[in-house]
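As structure tokens, the structure follows; a few thoughts come after it.
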Amino acid sequence: MKMKCTFILLLSVFVLAGCWDSNEPERLMYANGLGIDYKNGKVLVHLQIINMKGLAKSESGGDPSSLSAADVGTATGNTLEEALFNLYHTADRRIYWGGPKNQPHI
């Protein structure tokens with residue numbers, strides 16, 4: 001009985017220790033350009049996002065006319081931090097800001 005419980009416990013550890021924190025490229029939004037405006041006492045933030053799903057479908061023979069390679073998200077706020085927070089809040093996926101790890105940052 002003890003051996004059976006130990007086996008079930010070890011099996012559950014291997015099954016539950018998956019890649020929970022992995023980020024698949026098609027589930028991320030890649031930030032390509034950022035614009036900041038100040039209008040009517042509010043901060044406007046515009047973020048251009050590369051649509052990786054659209055690029056993959058157009059290269060594999062999908063209908064490229066129905067897919068856009070990039071989208072633009074817009075948010076407003078009283079401060080820059082508030083506008084960026086509102087942009088994050090309206091995004092349906094995680095926004096990736098960085099570049100490759102082996103590329104030097106200037």
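The values are calculated or read from the model by the stated rules, or taken from the named source; none is laboratory data. Remember, it's a predicted structure, so these values are computed and weren't measured experimentally. Here the Cβ positions follow ideal geometry from the backbone for every residue, glycine too, while neighbour counts run over all protein chains shown. Heads up: the accessible areas ignore ligands, DNA and RNA and are worked out on the full protein's heavy atoms, side chains in. Shrake-Rupley method; radii C 1.70, N 1.55, O 1.52, S 1.80 Å.
Before moving on, here are some points about what is shown:
- The set of residues from region 37-58 being farther than 20 Å from Tyr96 by Cβ and either part of a loop (DSSP other than H, G, I, E, B) or modelled with pLDDT under 60 (or both) comprises Asn40, Gly41, Ser58.
- Tyr88 meets the conditions (1) in a strand (DSSP E or B); (2) open to solvent by 80 Å² or more (accessible area, probe 1.4 Å); (3) aromatic (Phe, Trp, Tyr); (4) at pLDDT below 90 in every case but one. The failed one is (1).
- Top-ranked residue in region 1-36 [being in contact with a Lys or Arg (Cβ under 9 Å, 6 or more places away or on another chain) and either β-branched (Val, Ile, Thr) or in a strand (DSSP E or B) (or both); ranked as modelled with the highest pLDDT]: Met29
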